[in-house]
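Derivation of every value follows stated rules applied to the coordinates shown; laboratory data play no part. This one's a predicted model, so the numbers in the text were calculated from it and none came from an experiment. We place every Cβ from the backbone using ideal geometry, glycine too, and count neighbours over all the protein chains shown.
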Amino acid sequence: MGLDAAADDIEKTSLSPHSFAALVAGSVLTALWLLLSYGYLIKSNDSCTYLALHCIQSLNDWGDFFAGTFSPLAFVWLVVAVILQSMELREQRAELKSTRAEFAQNREVARTQATESKRQAEFIGEQTKLLQEQEQRNKAEDAEAQFNAAIEILAATLINYDHIWSFGFSDNERALGFRLESYRRDSDRRLIIAAGQELRQALRELKKRAEEPLRAVYPHDFARTYRVVRLAVDSFEPLEGRSRHLAVPLGLHALRGNMELLVHRAPGLQALMDNDAL
């Protein structure tokens, strides 16, 4: 226990000045009354000495002596007790008033702290929201950058390997073949769209002989191009919002699906795909 706490406990358990004064007054009155009673006992009987004990000979005299002596003292100390209790109650009321004021101040402090905590929580929530939005923007920008890089690589691959669309039947008859040279000066996106359109048109013509297997003239180059198409499709998946909306017309999924149709119809190409672990 600290010195301040010990001093506070002593102050709480000690008498107040008014209470101490009441006790001193009661004690003084008691002493004076006892002296007056003793003096009166001596003066009332000439045969009494200063000891005055032999003046009281019977039990009735003793009873009268104690009743006459201590009855006023009892009244005096009753008054003193009432005064002490009144003072104590007054002090308790003052202490309760001070305690209520302190509680009210504590409530105000707690309310202020709660308001400040709420404000801090709102600030932290706003900062967290801003960080999340920034993280989402960074993620979207990274996804768009990766997609644009994949599109650039795919366009370069398609224009450099535009001979991969040469397929024939088992009797060496030409089944499918087109070149993308006329789209060389177009943008990357226009080149990818054109490749998908050309392949879709060529597959429509192949439906007449849908049961016959195909033979890829350039299977290894086709496999490399197919791998790049799959990477471009994978980079499309994380796109969101406007970037995804602008990427949909490229038809990457349709291009991959149509290339898979060629793979399924060319047994040798399918074996090459499996070996390359695409």
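Remarks
- Residues VAL233, VAL109 arranged by fewest to most Cβ contacts within 10 Å: VAL109, VAL233
- Relative contact order %, segment 69-217, counting alpha carbon pairs below 8 Å whose residues are six or more apart: 18
- Taking GluC sites (Glu not before Pro) across segment 190-226, the ones in a DSSP loop with at most 12 further Cβ atoms lying within 10 angstrom of their Cβ are GLU211.
- Trypsin sites (Lys or Arg not before Pro) lying in DSSP loop within segment 154-220, provided at most 16 other Cβ fall within 10 Å: ARG179, ARG184, ARG185
- Only Lys, Arg (+1) and Asp, Glu (-1) charged, at Cβ; segment 139-275 dipole about Cα centre in debye: 340
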